[in-house]
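For reference, the structure is listed below as structure tokens.
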Number of protein chains: 2
Amino acid sequence: MSSVKRKGERVTLKEVAKHAGVSTATVSYVINNTRYVSDKLKSSVLNAVDELGYSPNNIARSLRSNQTYTIGLIVSNVENPFYTEIARAIEEKAYSEGYSVIICNSEDDILKETNYLKLLQSKRLDGIILAPAPGENEHLYYVLQENSMPIVLLNRKLDVEGIPIIKINNRHSAERCVNHLIETHGYRDIGAVIGSVETLLSKDRYDGFVHALNSFGLPVRNEWIIHGNSSFAGGYKALKHLMGKDKRPEAIFIGGSLMYLGVLSALKELHLKCPEDIALIGFSEMRFSHLLEPPLSTIHQPAKKLAELSLEVLLQQISGIERKQNAFELETELIIRNSCGCNKM
Amino acid sequence: MSSVKRKGERVTLKEVAKHAGVSTATVSYVINNTRYVSDKLKSSVLNAVDELGYSPNNIARSLRSNQTYTIGLIVSNVENPFYTEIARAIEEKAYSEGYSVIICNSEDDILKETNYLKLLQSKRLDGIILAPAPGENEHLYYVLQENSMPIVLLNRKLDVEGIPIIKINNRHSAERCVNHLIETHGYRDIGAVIGSVETLLSKDRYDGFVHALNSFGLPVRNEWIIHGNSSFAGGYKALKHLMGKDKRPEAIFIGGSLMYLGVLSALKELHLKCPEDIALIGFSEMRFSHLLEPPLSTIHQPAKKLAELSLEVLLQQISGIERKQNAFELETELIIRNSCGCNKM
DNA sequence: CGATTAAATCTAAACGATTAAATCAAAGGA
DNA sequence: TCCTTTGATTTAATCGTTTAGATTTAATCG
């Protein structure tokens, strides 16, 4: 074959029907197994399907049935290891449930997020799983108005009744990190590198951080709390900034995987040793945190569970099943390695 | 609002038309800017759109126009750092071109790949970017028959004329790795951990490895060449296996990111030092290879360029533009860090 | 003023499936 | 035998757009 022919010449159900000498209804019934059809007709339909290489047009189906069997996943960036894992787990479960997933990176940009929401709306997806972007949520109300599509929120808050939200216990997790720094290592000068408090996620982590300090009677030194954007570069810049201060903290709590790596990279560049010169602890979803130098002490989030739960709730929402529960909070695990100053491998 | 209403009650173009007191054609013309419409009618249409909260139904559009503005990306697993980057870059460019992307993980499983191909076919996507899964390609011919959808291959070969293929120079890249081990460090006992030779990708890397040894007159010792599957576990098992031999190699060439990390992890577990006990070099698309212990000497692939080029070629294919060139090969970069025995940072 | 032309709008036929409702055929019952 | 019932198949409306082509309206001109 010299080249693939252009579209628009595909075989339709109608042609199958003609070829098999039956009506379109019959073809539809045998393909979807939705009514009894005599063996004789059934086999001639099947033959025709085979001979013509018929592949049903799901667009037409969707138009008729109002179902696309496709959902959207909006995250800030799949390259963030946490969202990579989320995306993977959602795709896997979605596949097994007969759904496809369109992946959207909002890049923490409200405009891009809005555009994607409108687009997914127009594509009539069956539902959306939406992870946080910082800033106001006003643009979301547009999508959430009546007659709109099912949606579940991941680590993100919205003051609309009936929208399910799935999250981990960010506040408590942050607290445990800081507690560890204080209780086990006796650090008192503790800084933080956290994303914008405009997201629920970062706000909660910030609150946990502050609460831990307070509970030990330690002062919260605002000049040691850097709110960057939750990226590698954000962490990198934050650390450089922090190390430029007259008085430096002894330990730093870090509120996100990419920032953690950025911090680490900046540290290396400054020839500072971790944990000797400065101790680190925080959120990292890197599957390879233990291979880094030093092995990172981290909060481990149950990303897979989170993803599966989100999809489950979304699918319930799609099929109109009533939920008793609207908010779900999963627990995390604190994994102590070396970066905080502990010696375990 | 107590709860989002179920679907099926959305406002249609027809309703907009009635509300604005014009025909559906007129509404369509103003929405798509496809014919001149008087200011008077135009504004009343726009008003109606606004008041009713109309959002066009792209399913109906697609049915009419035979265009979905959606493409499919099939990779073995987005969690593989190389494909994460590919997915990200494709999504970004696709977005800017007005396309969405459905992501599919084949898990190197021919059945899953086949199912996805059929599904994407049924969904009438505009095109597919297909990365390799190992094994025979027979199932692909089904998708590639006449009247089928545009497709481009990433690092994957297929004997069908006119199917574009985009790849990096795998053979030469592997060769350079091994050359470095021999020329710079004088290693003579060199093993390899590579994926299944049933993929073009791994086959090329294998060939490069062998060719390098040959060109220095070194023997190819098959017991030191482990073909695992290209995963973390694959690398991990391969190394353990390799280290169980009576005579061990001094250095290992590794043909993939995840395997590289698996090898590293197994090494740590065995308390073997790299590069002192065993030197490593190979393909790793980890953005953070330099933060690992030791910093990895790697081939760096221009994933972003690869992704953008693939999409570009696919879009050309979709719009029926003739290509002069059907095969594209990009060059890689050898980045020397510490794992091979060099001392540079 | 009527004819001609151009401009703006509308009518209605697709696109490719699903599915109520209608039709047709055969069997069963009196 | 004729009527009823049941079962298998078909007819045709529908989903929400786009877009030729028909129609209407307005403008121009001899």
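Quick notes on this one:
- Other copies of B:HIS139: label-to-label distances in nm, shortest first, labels 7 Å along the beta-carbon direction: 3.9
- Counting all C-alpha pairs of chain A, share separated by more than 37 Å (%): 35 percent
- Highest-MSF residue in chain B out of B:LYS247, B:LYS118, B:LYS14 [GNM, Cα springs under 10 Å]: B:LYS14
- Residue of chain B whose Cβ sits closest to the axis mapping B onto A, with distance in whole Å: B:GLU293, 2
- Radius, Kirkwood style, for the range B:88-185 when every pair of distinct Cα atoms is counted (Å): 15.5 Å
- For A:SER196, B:SER173, A:SER297, order by how many other beta-carbon atoms lie within 10 Å, fewest first: A:SER196, B:SER173, A:SER297
- Ellipticity estimate at 222 nm from DSSP helix runs (n ≥ 4, -39,500 (n - 2.57)) divided over chain A, nearest 500: -13500 deg cm²/dmol
- Ordering A:VAL27, A:PRO56, A:ILE128 by the projection of their Cα atoms onto the charge dipole of the range A:1-149, which places +1 on the Cβ of Lys and Arg and -1 on the Cβ of Asp and Glu, puts A:VAL27 at the extreme positive end.
- Virtual spin-label span in nm between B:ILE321 and B:LEU270, 7 Å along Cα→Cβ: 5.1 nm
- In this entry, the range A:13-65 is assigned a mean projected area of 3.4 nm², taken as a quarter of its C-alpha convex hull surface.
- Over all other residues within a Cβ to Cβ distance under 11 Å of A:PRO275, the charged ones net out to -1, with Lys and Arg as +1 and Asp and Glu as -1.
- Panel note: the C-alpha atoms of the range A:61-112, placed on their principal axes, show extents of 36, 27, 8 Å (largest first).
- Computed over the range B:191-247, Kirkwood Rh from alpha-carbon pairs, angstrom: 11.8 Å
- Distance violations [Cα-Cα > 25 Å] among A:LYS157/B:LYS93; A:LYS123/B:LYS167; A:LYS247/A:LYS268; B:LYS112/B:LYS324; B:LYS247/B:LYS273; A:LYS123/B:LYS18: A:LYS157/B:LYS93; A:LYS123/B:LYS167; B:LYS112/B:LYS324
- Inter-copy label distances at B:SER122, using a point 7 Å along Cα-to-Cβ, come to 2.6 nm with the shortest given first.
- Exposure proxy ranking, count of Cβ atoms within 10 Å, fewest first, for B:ILE166, B:ILE321: B:ILE321, B:ILE166
- The mean number of partner chain beta-carbon atoms within 10 angstrom of a residue's beta-carbon across peptide B:153-166 is 1.
- The label point for B:ASP50 and the one for A:ASN32, both projected 7 Å from the Cα toward the Cβ, are 4.0 nm apart.
- Degrees between helix B:170-185 axis and first principal axis of chain B (Cα, 0 to 90, nearest 10): 30 degrees
- Remark: the Cα gyration tensor places the range B:78-141 in the oblate category, a/c being 1.5 or greater and a/b not exceeding b/c.
- All-pairs Cα distance distribution in the range B:211-276, expressed in whole percent, bin size 10 Å: 21, 51, 26, 2
- In percent, rounded to a whole number, the relative contact order of the range B:13-65 is 35, using alpha-carbon pairs under 8 Å and six or more apart.
- Pseudo-label separations to other copies for A:ARG323 - Cα-to-Cβ vector, 7 Å, nm: 4.4
- Over chain B, relative contact order from alpha-carbon pairs under 8 Å, at least 6 apart, %: 15 percent
- Whole-percent P(r), the protein assembly as shown, all Cα pairs, 10 Å bins from 0: 3, 14, 21, 23, 20, 12, 6, 2, 0.
- Beta bridges per DSSP with both ends in the protein assembly as shown, % antiparallel, nearest 5: 10 percent
- Here the calculated FRET efficiency for A:HIS211 and B:ASP39, from their Cβ-Cβ distance with R0 = 45 Å, stands at 0.15, rounded to the nearest 0.05.
- Our Cα-only numbers for the range A:170-301 put the radius of gyration and Dmax at 13.0, 35 Å.
- Overall, the protein assembly as shown carries a charge dipole of about 1300 debye about its Cα centre when +1 sits on the Cβ of Lys and Arg and -1 on the Cβ of Asp and Glu, all other atoms neutral.
- Evaluated with a Cβ-only charge set (Lys, Arg +1; Asp, Glu -1), the range B:170-301 carries a dipole of roughly 140 debye about its Cα centre, given to the nearest 20.
Coordinate-derived values only; no laboratory data. These numbers were taken from a predicted model, which means no experiment stands behind them. As a convention, Cβ positions derive from the backbone with ideal geometry for all residues, glycine included, and neighbour counts pool all protein chains shown.
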